[in-house]
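Coordinate-derived values only; no laboratory data. If you're wondering where the values come from, they're calculated on a predicted model, not measured in any experiment. When we count neighbours, we look across all protein chains shown, and the Cβ atoms used for this are built from the backbone with ideal geometry, even at glycine.
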Amino acid sequence: MLSTVNEIVARIKQLIEEYEHWARQGDISAHRPCPAEGCDCRFRHRHGWVLRDVACGGWEASIGLLRLFCPQCGATETLCPEWLRPHALYPWPWQEAAVLEYVGGAAGYRPVAAAFGVDYTLLWGWVRRLAVVAVDLVAVVVRELLEQDPAARLDLVPVVHGAVLHKARTPEKRQGLAHLPLLTQTAETLREACRRRAGLPADGAESIGALGWLSRYLEAHGIWPGRSHRGSHSRPVPAPP
Ligand SMILES: [Zn+2]
């Protein structure tokens, strides 16, 4: 478990550096046009930074999120990377890894939460919220995958430990828990299919946390079951090459 935790912390530090480098000196031209309805401004200006705290267990850092301002309609937008959850301290890959560690069954809520440096009730909440939507989301992701790549192959490995399922009080919760690893696996397959379709190289070993990517994909296609941040705070920011 420790190596997973250390690897993710290292990767998140790297993601912060990559984002900040991209936001300062990278190509942001895709974000220049204003997305506001009825506004045809093609060139939004840089408009300072929003500092956001990011935490991974005992490690904490700030990341500067780039803001853009539209001179025509006056709207501002903060460009949030897909691995960072809007309004949340812990980034997507951290949450996803902790949830998968728990459903893997090697340890209960408290030891897993301790290893990831979060309160166990927070981990419990992450598991519960994802389990509630997991069955529906897997179906959506598989449908999207076949649309993106009709020849796509899915080699799904159910890795939920029986002991974890026994702790679930309802059949729905058991179903949801059993679908969590399938959700991350199908999301990863969909991400790779989209990258292939866009002519991008496979993400491979570099990739962690497909759920953050998935939430943006579904939001962009108007199918994320949660609330939408469209037009207010965040739009998908492509990973730097
Ligand atoms: Zn505008």
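For the condition among the charged types (D, E, K, R) and not in a loop (DSSP other than H, G, I, E, B), Arg46 qualifies. Filtering the range 93-127 to residues that are on the phi > 0 side of the Ramachandran plot and either charged (D, E, K, R) or in contact with a His (Cβ under 6 Å, 6 or more places away or on another chain) (or both) leaves only Gly105.
Scanning the range 104-120 for any residue that is more than 16 Å from the ligand (Cβ to nearest atom) and more than 23 Å from Leu165 (Cα to Cα) turns up at least one such residue.
Suppose we filter Gly57, Gly48 for residues that are more than 16 Å from the ligand (Cβ to nearest atom), crowded, with 17+ Cβ neighbours inside 10 Å and at positive phi; which single one remains? Give the steps one after another, and end with the answer.
On the way: Gly48 fails: crowded, with 17+ Cβ neighbours inside 10 Å.
None of the other options fit; the residue is Gly57.
Restricting Ala30, Ala10 to residues that are small (Gly, Ala, Ser), in a helix (DSSP H, G or I) and either touching a Ser or Thr at 6+ places or on another chain (Cβ under 9 Å) or within 16 Å of the ligand (Cβ to nearest atom) (or both) narrows the list to Ala30. One residue stands out among those in the range 7-37 that are small (Gly, Ala, Ser) and without any contact (Cβ under 8 Å) to a residue 12 or more places away in the chain: the one that is farthest from Thr78 (Cα to Cα), which is Ala10. When the residues of the range 60-81 are filtered to those that are more than 16 Å from the ligand (Cβ to nearest atom) and in contact (Cβ under 8 Å) with a residue 12 or more places away in the chain, which remaining residue is nearest to Trp92 (Cα to Cα)? Checking each candidate, the answer is Pro81.
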